[in-house]
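One structure is given here, and the rest of the page talks about it.
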Amino acid sequence: MIRYFIITLLLTNLFSIQAQKTNIVQMEVDELEAPIGLDNPYPNFSWIIKSNKYNLNQTHYQILVATDKTFLKNSLIWDSGKVPSSESVYTSYSGKDLTYDKSYYWTVKVWHNQSSKPIQSKISSWRTGLMKTSGWNNRWVSVLEEDNSKLNTKSPYFKNEFEINKKIKSAYLYITSKGMYEAFINGQRVGDLYLTPGWTSYDNRIQYQAYDVTKMVESKNGIGVVIGKGWYHGTFMGAEPNNDNYKGDLYSFISELVITYEDGTKENILNDEKWKYFHGAILHSEIYDGEKFNANLINNYWSSFGVDNENSKKAMFDTYDGKLISTSNELIKRHEILKPKKLITTPSGDKVIDFGQNLVGWVEFTSNGQKDQEVKLYHAEILFQDEFYIDNLRGADQLNTYILNGDPNYVYRPHFTFQGFRYLKIEGMEEINLDKFKAVALYSDMKRSGTFSSSNPLINQLQSNIEWGQKGNFLDVPTDCPQRDERLGWTGDAQAFFNTAGFLRDVKNFFDKWMVDLEYDQYENGLVPSVIPDVLDNKRPRNGGSAGWADAVTIISWNSFLIYGDKGQLALRYNSMKKWVDYMISQSKNGLYKGGDHYGDWLFYSRPNDPPGLSAVSNKYMIAQAFYQYSTDLLIKVAKILNKDSDVLYYQGIWDTANKVFHDEYITKNGMIIGDTQTAYVLSLKFNLLSENNQKIAFERLVENVERYGHLTTGFLGTPYLCEVLSSNGRSDLAIKLLLRENYPSWLYPVTKGATTIWERWNGIMSDGNLSDAGMNSYNHYAYGAIGEWMYNNLMGLKVNEEYPGFKRYTIEPIFDKNFEDIKGEFESNYGKIKVSWVRKNGKINLTLEIPPNTSSDVILNKNKNEKNWTLDNSKLSSKIIDRKDNDNKSIFLLGSGEYKFSYVE
Ligand code: BGC
């Protein structure tokens, strides 16, 4: 027994000693952990210092890069030297030229102010891709002309074989497609990515993927590639087949399998004429409509060596004029697997599974059914009057049809489609065994960065709905919705939700990629299309330039810089931002921007029969002028950071003229802003458009308006800023009232109606149980989830500091609202985890904070006038506080790394 205790004691000590350790974690190259297939010749290195030491700051770093793990002289290709710097993100490689298809190893040594000895990271790695953007062999394996018609949506199954005679060191498959692909080697699926190659501005660029297939390659090999229609050939927004995105070269892919032999030689063995194809099990596949799959038309060996697939024909070849780029963002993977909650038989006799959560992905199942039995799976978001409801899907069938093969262990799933659903209607199955069904959530594999919870279960459900809204609409591009015949990269929705998204997940790579596509699809004259990738091109009279939509280019670039602090990225975006502002200038007369076609404050509070005139209609051109100025203002900020002095001067002049016009045109002498809506005041205040006096009046009018309605009236453009403007002007109490309201219209109203995601409309389901117009009524539309940002900034209290972007220094200022007993939040910044949690109990608030190394925080703690100050629970720690100020209403601390516990008697 005693021995047991001693051992436990020793172990505990050992662990606490270990826990005390300062070490380097999360080593990333181009913001990815040990990525493969990177084409960047100057990749960026980032690392996080983990420690529970107080006030720890990096003073120097040294990066070594080598071609093997010995780091011996002949393998060393870069030694940064000991660099005096506290930067631990985006340090750019500047060693010898990198070569293609090669692994590189790196390690970093960090000196910090709490020890004279440096700490050394582990060895991490990355691997280059093909390091060329065009060419490859530009030979895309394709189907024969006669099978290449747009009406033929059968998937071709391409097959090739190869033999290896030498010992292999490594094998990497580089591949991409026009359409979507899945690849197989010797009967096994390659990789764990789905809906590849992802979605880009295909006329300009397609991203390729790299897979380590070293363990899959044998001496005799078969390789197979299946292609589906995908986004590349998508028929978007109900366009007629003649008017879709058909590009005339259906179903092709390009690949290079690069083998490195033990003897150091390399070979690319797929570069031959032997590819054949046949039509297999996927009879039809389409993003909106779903898939038809006949399991009798395929076997598990079709891609194996020596298997001759019936009716195979010789493939033909095709070319591509755009760029092939390596993948720089996290691609789509499988995530949550949900079990059915219950089986429902609807009044009209439909058999429906309820998965309990509106999600995006697909259903997988096994079945004891007979060979050739046809099973149909329909997907819906809601039940209406207890019936399966699909009217809001518009033209999207969301139907997967399977012809069974009689094998009870065969797992059925679709391949080149996804569905937005909570309910699954099953046809063609007598007995439904719930154990055989599961729903698989698919979304871009971004790291989770933020969490938030509170003592209020409704708010927690709202938080969960926001998170699921992000998951379901972040499939390689940010989409408006995932279920109806739309699913497009609407710019306005993306900018409205960006800050919330950036708290919940690491969206840096995701948006960096999308913003490049935005730039590619931006018109010559600077106009930014409404959706990116711009697949609506020429399909609609109104396509782009809409206020609050097109401004995604400036708003996302700036907000991304605030969260991630990547100045290099900001510089890359500058041209595109400038082009958009110049476009607005070209459309304005003497500072008044009245051009264009605008969506306005989309889906604002409006009443169908409105004799009392309660609908909150904001003037579209007032909004356009406000965003024109906001985008110009952001451009000026960026120009300052990038030291573009003449631009700063020029655009400041533009802003000043526009601002004068804003006052002349849209503000009355008494300070009413035209429209007199919450959105009008919120935008003018948030964008800083008002003189001091008008600011006061505008805020009074805003408060009066909110109180008069007793609820919000804002749409897509006003909603993200409404509570923020209330809070930053000292009325968080009103913001909380809006947040906690449960009746329509409010954020919690859908929650009380059982929502598990954010709705497109405030009244997707009306108070009387009826539904809003099926033509536009999505139950998974993240835009109104933008309230998340306010909750994290105010309830948790974490705010960016514009002077120190990327969370190098930030503010923590929770509002300790009386409606909450506790709030807990975490955010994984570029420098490590920031934690804030507070509990109110028996008239006392206990606050715990964790500040990661190499950062600092201004902690602003509110208190009541003349009451006691906030106190540090462990008074020994007071020496660790860098600075402290107390005034009547606040205690203000400047804190460096470490854990701090404070308390306050109310
Ligand atoms: C989309 C939106 C989008 C809007 C533009 C809708 O069809 O679903 O979310 O921003 O069009 O007004």
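A few points about this structure:
- Single residue of Arg505, Arg484 found to be basic (Lys, Arg), at negative phi and more than 12 Å from the ligand (Cβ to nearest atom): Arg505
- Residue in the range 450-465 that is within 15 Å of the ligand (Cβ to nearest atom) and of a type in the set (Phe, Trp, Tyr) present: no
- Residue that is nearest to Gly595 (Cα to Cα) [pool: residues in the range 541-571 that are away from the ligand (no atom under 16 Å from the Cβ) and among the β-branched types (Val, Ile, Thr)]: Thr554
- Residue count for the range 772-811 satisfying the condition of being of a type in the set (Val, Ile, Thr) and touching a Phe, Trp or Tyr at 6+ places or on another chain (Cβ under 9 Å): 2.
- Residues (within 16 Å of the ligand (Cβ to nearest atom) and at pLDDT 95 or above) located in the range 773-796: Asn777, Ser778, Tyr779, Asn780, His781, Tyr782, Ala783, Tyr784, Gly785, Ala786
- Summed over the range 570-597, residues that are of a type outside the set (Phe, Trp, Tyr) and either crowded, with 22+ Cβ neighbours inside 10 Å or part of a helix (DSSP H, G or I) (or both) total 15.
- Residues of the range 720-762 satisfying the condition of being within 16 Å of the ligand (Cβ to nearest atom) and assigned to a loop (DSSP other than H, G, I, E, B): Thr757, Ile758, Trp759, Glu760, Arg761, Trp762
- Scope the range 645-684; condition without any contact (Cβ under 8 Å) to a residue 60 or more places away in the chain and part of a loop (DSSP other than H, G, I, E, B); matching residues: Thr668, Lys669, Asn670, Gly671, Met672, Ile674, Gly675, Asp676
- Count of the range 738-770 residues which are of a type in the set (D, E, K, R) and crowded, with 16+ Cβ neighbours inside 10 Å: 4
- Restricting the range 579-622 to residues that are of a type in the set (Lys, Arg) and away from the ligand (no atom under 16 Å from the Cβ), the residue that is farthest from the chain's Cα centre (by Cα) is Lys589.
- Taking the criterion of being at pLDDT below 95 and surrounded by 21 or more Cβ atoms within 10 Å (Cβ to Cβ), the only residue of the range 202-219 that qualifies is Tyr202.
- Residue check for Asp445: within 14 Å of the ligand (Cβ to nearest atom) and touching a His at 6+ places or on another chain (Cβ under 9 Å): no
- The criterion of at least 1 residues that are within 30 Å of Tyr202 (Cβ to Cβ) and of a type in the set (Val, Ile, Thr) is met by the following strands (runs of 3 or more DSSP E) wholly inside the range 79-144: 124-128, 140-142.
- Filter pass, Asp476 being among the charged types (D, E, K, R), within 11 Å of the ligand (Cβ to nearest atom), buried (at least 23 other Cβ atoms within 10 Å of the Cβ) and at pLDDT 95 or above: no
- Residue, farthest from the chain's Cα centre (by Cα), within the range 489-513, restricted to residues that are in a loop (DSSP other than H, G, I, E, B) and surrounded by 24 or more Cβ atoms within 10 Å (Cβ to Cβ): Gly489
- Of all residues in the range 317-339, those being surrounded by 15 or more Cβ atoms within 10 Å (Cβ to Cβ) and among the β-branched types (Val, Ile, Thr) number 3.
- Strands (runs of 3 or more DSSP E) within the range 331-419 that include 1 or more residues modelled with pLDDT of 95 or more and among the acidic types (Asp, Glu): 332-338, 351-365, 374-380, 387-389
- Just one of (1) surrounded by fewer than 24 Cβ atoms within 10 Å (Cβ to Cβ); (2) under 30 Å from Asn575 (Cα atoms) fails for Ser631. It is (1).
- Yes/no for Tyr378 being surrounded by fewer than 20 Cβ atoms within 10 Å (Cβ to Cβ) and among the hydroxyl-bearing types (Ser, Thr, Tyr): no
- Residue count for the range 45-89 satisfying the condition of being touching a His at 6+ places or on another chain (Cβ under 9 Å), surrounded by 15 or more Cβ atoms within 10 Å (Cβ to Cβ) and more than 23 Å from Lys833 (Cβ to Cβ): 1.
- As a summary of the residue check, Pro529 satisfies the conditions (1) surrounded by 22 or more Cβ atoms within 10 Å (Cβ to Cβ); (2) under 22 Å from Lys833 (Cβ atoms) except for the one numbered (2).
- Which numbered condition Tyr574 misses (of (1) within 16 Å of the ligand (Cβ to nearest atom); (2) modelled with pLDDT of 95 or more): (1)
- Filtered residues of the range 598-614 (kept if of a type outside the set (D, E, K, R), in contact (Cβ under 8 Å) with a residue 60 or more places away in the chain and buried (at least 18 other Cβ atoms within 10 Å of the Cβ)): Tyr599, Gly600, Trp602, Leu603, Phe604, Tyr605
- Being of a type outside the set (Lys, Arg), within 16 Å of the ligand (Cβ to nearest atom) and in contact with a helix residue (DSSP H, G or I) (Cβ under 7 Å, 6 or more places away or on another chain) is a condition met by at least one residue of the range 515-525.
- The range 153-193, residues that are touching a His at 6+ places or on another chain (Cβ under 9 Å) and either on the phi > 0 side of the Ramachandran plot or buried (at least 23 other Cβ atoms within 10 Å of the Cβ) (or both): Ser155, Pro156, Tyr157, Lys178, Gly179, Met180
- Checked against the criterion of being surrounded by 13 or more Cβ atoms within 10 Å (Cβ to Cβ) and over 25 Å from Tyr804 (Cα atoms), the candidates Lys863, Lys901, Lys880, Lys890 yield just one match: Lys863.
- Just one of (1) touching a Phe, Trp or Tyr at 6+ places or on another chain (Cβ under 9 Å); (2) farther than 28 Å from Ile48 by Cα; (3) modelled with pLDDT of 95 or more; (4) assigned to a loop (DSSP other than H, G, I, E, B) fails for Lys868. It is (3).
- Considering residues of the range 802-852 that are under 25 Å from Asn44 (Cα atoms) and touching a helix residue (DSSP H, G or I) at 6+ places or on another chain (Cβ under 9 Å) only, the residue surrounded by the most Cβ atoms within 10 Å (Cβ to Cβ): Asn830
The values are calculated or read from the model by the stated rules, or taken from the named source; none is laboratory data. Keep in mind that what you see is a predicted model, and the values were worked out from it rather than measured. FYI the Cβ positions are ideal-geometry reconstructions off the backbone, even for glycines, and counts take in every protein chain you see.
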